[in-house]
Amino acid sequence: MPGVKGPSDYLQEPPRHPSLQINSKYPFNAEPPRSALISSYVTPVDLFYKRNHGPIPVVDDIERYSVLIRGLIDNPRELFMRDIKMLPKYNVTATLQCAGNRRTAMSKVKTVKGVGWDVSAIGNGVWGGAKLAHVLELVGISKLTSTTKSGGKHVEFVSIDKCKEENGGPYKASIPLSQATNPEADVLVAYEMNGEPLNRDHGYPLRVVVPGVIGARSVKWLDCINIIAEESQGFFMQKDYKMFPPSVNWDNINWSTRRPQMDFPVQSAICSLEDVTAMKPGKVKVSGYAASGGGRGIDRVDVSVDGGKTWVEASRYQKPGVQYISDDMNSDKWAWVLFDVTVDAPQSTEIVVKAVDSAANVQPENVQEIWNLRGILNTSWHRVQVRVGHSNM
């Protein structure tokens, strides 16, 4: 691609926030301390989790940078940044979550394969850019189209990013054309994050943001868009990010028996307390996040101070001072909610959280029930231990 050089090594990595917990250096994968997530509804860019499969691409000539739209369409077209920015700009507040969020806890049950994420492979951003539905209109694909005249049914996003899983080829993923052409799905070709141009870690100069769907489909460093008949055959669509039952292992796995994971299930986590926290007896504030995929809101967040025997309901909010109502038009449908509740902890105990979304989906109680060999979608009740001491604390 003109104006692009893809580094073959890691010598040109951008600077990062010192508080990030690095899970792997090459490629760079890191998450913020969990306490940072509840400091604000919109996650600061430098504290947003970093997920990579290879070196960060460098775009050194923005004037020559372009995205090619091609495939099963009559009018392929090369789009430059100025073409994208001439379209109406939308700001969409959306939570992105790596499918492997909370993988470390799942691995404690039985070892899984993948980056060892704690609870912070998730973040909430304000993404600015053009709706993909409007971009596709530039090549003759009307809104709410499910099939092109030439038989295109899926939209594949191909990255500048090169990764070993693709044998040195580009990262790629796809979504259904019906979703891509639906303006209400809010799929963006984004060039801003939190009101500023995307930085290199998060996809500069252009990335796709697919709200309500696991982060693996929100392709960064966009190179081209292909209109195709079947789902992308990329590694991360066909041989990764699929949900298998606990009975499947690396000896009997058949990747073709499962569809690529798209929407993420209802999720919540406590961020005000670590896995084990020492404290004096008394009141303790329990705060964290809850989110669900597919645009579903959060109807309830339940907190237990006795390991799940009894529960109290936590308060939920998005914007401070504004009442949150699940699925209300004034709520951010693609974004997480933050929760908090103050409880009594007179003695050592296990504090637990679970969320219920607007479709009445609830998190499973035990991680054993959803264990899978890739360690994705650990949405089991989140549990932390409180050690209460009575002297010299």
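The values are calculated or read from the model by the stated rules, or taken from the named source; none is laboratory data. Because the structure is predicted, anything quoted here is derived from the model rather than measured. Methodologically, a virtual Cβ is constructed for each residue, glycine included, from the backbone with ideal geometry; neighbour enumeration extends over all protein chains shown. What goes into the accessible areas is simple: the full protein's heavy atoms, side chains included, and nothing from ligands, DNA or RNA. Shrake-Rupley method; radii C 1.70, N 1.55, O 1.52, S 1.80 Å.
Report the extension gain between A278 and Q347 in nm, rounded to one decimal, defined as 0.36 nm multiplied by the number of residues separating them, less their alpha carbon distance.
23.8 nm
So how far, in whole Å, is the C-alpha centre of the range 245-306 from the one of the range 309-339? So the two Cα centres are separated by 16 Å.
Full extension from E137 to R64: what is 0.36 nm times the residue separation minus their Cα-Cα distance, to one decimal in nm? Intermediate values should be presented prior to the final figure.
Numbers: separation 73, 0.36 × 73 = 26.28 nm, distance 2.24 nm.
Value of the extension gain: 24.0 nm.
A Cα-only calculation for the range 128-247 places Rg and Dmax at 14.4, 47 Å. Summary value for the chain: 17 percent relative contact order, contacts being C-alpha pairs under 8 angstrom separated by 6+ residues.
The H on the amide N of G71, modeled in the peptide plane, is under 5 Å from the matching H of I227, each at least 5 residues off or on a different chain.
Any idea what % of Cα-Cα pairs in the chain are farther than 35 Å? Result: 26 percent of Cα pairs exceed 35 Å.
Using a probe of 1.4 Å on the protein chains alone, the accessible area found for T104 is around 50 Å². Each 5 Å bin from 0 upward holds the following percent of the Cα-Cα pairs of the range 258-393: 2, 11, 19, 21, 18, 13, 9, 5, 2, 1, 0, 0.
Look at the dipole of the chain built from charges on Cβ: of V189, T145, T349, the Cα furthest out on the positive end belongs to T349.
The modelled label-to-label distance for the pair S146/E78, using points 7 Å beyond Cα in the direction of Cβ, is 3.6 nm. Here the 3J(HN,Hα) profile of the range 290-300, calculated from phi with Karplus coefficients 6.51, -1.76 and 1.60 at θ = phi - 60°, is 9, 7, 9, x, x, x, 7, x, 10, 7, 7 Hz, Gly and Pro shown as x.
Listed values for the range 116-122 are Karplus-derived 3J(HN,Hα) couplings in whole Hz (6.51 cos²θ - 1.76 cosθ + 1.60, θ = phi - 60°), namely x, 7, 7, 9, 10, 7, 7, and x replaces Gly and Pro.
Nearest 500 deg cm²/dmol is fine: what mean residue ellipticity at 222 nm does the chain get from its DSSP H runs of n ≥ 4 alone, each adding -39,500 (n - 2.57), divided by its residue count? Could you put the intermediate results ahead of the total?
Numbers: 6 runs with 31 residues, N = 393.
Rounded to the nearest 500, the figure is -1500 deg cm²/dmol.
Selection among S39, L79, N101 by position relative to the dipole of the range 39-172 gives N101 as farthest towards the positive end (Cβ unit charges, Cα centre).
Under a 5 Å amide H cut-off, with hydrogens placed 1.01 Å from N, D161 pairs with Y171 among residues at least 5 apart or on other chains.
Shown are L144, L68, whose ranking by accessible area with a 1.4 Å probe and every protein chain present, most to least, is L144, L68.
Considering only protein heavy atoms and a probe of 1.4 Å, how much of the accessible area of the chain is carbon and sulfur, as a whole percent? Please report the intermediate quantities before stating the final value.
On the way: 8200 of 16490 Å².
Answer for the chain is 50 percent, counting heavy atoms of protein chains only.
Just the ratio, please: alpha-carbon radius of gyration of the range 61-104 over 2.2 N^0.38 Å, N its number of residues. Write out the running numbers ahead of the final one.
Working: Rg = 16.5 Å, N = 44, 2.2 N^0.38 = 9.3 Å.
Taking the Cα Rg and dividing by 2.2 N^0.38 Å, one obtains 1.78.
For R77, the accessible surface of its heavy atoms amounts to roughly 90 Å² (probe 1.4 Å, protein chains only, rounded to the nearest 10).
Around the amide H of N23, modelled in the peptide plane, lie the amide H atoms of N29, A30, E31, all under 5 Å away and 5 or more residues distant in sequence or on another chain. Phi-derived couplings, Karplus 6.51 cos²θ - 1.76 cosθ + 1.60 at θ = phi - 60°, listed residue by residue for the range 341-346: 7, 9, 10, 8, 10, x Hz, with x used for Gly and Pro.
Take the Cα of E365, go 7 Å toward its beta carbon, and none of the backbone nitrogen atoms of the range 225-250 fall under 17 Å from that spot.
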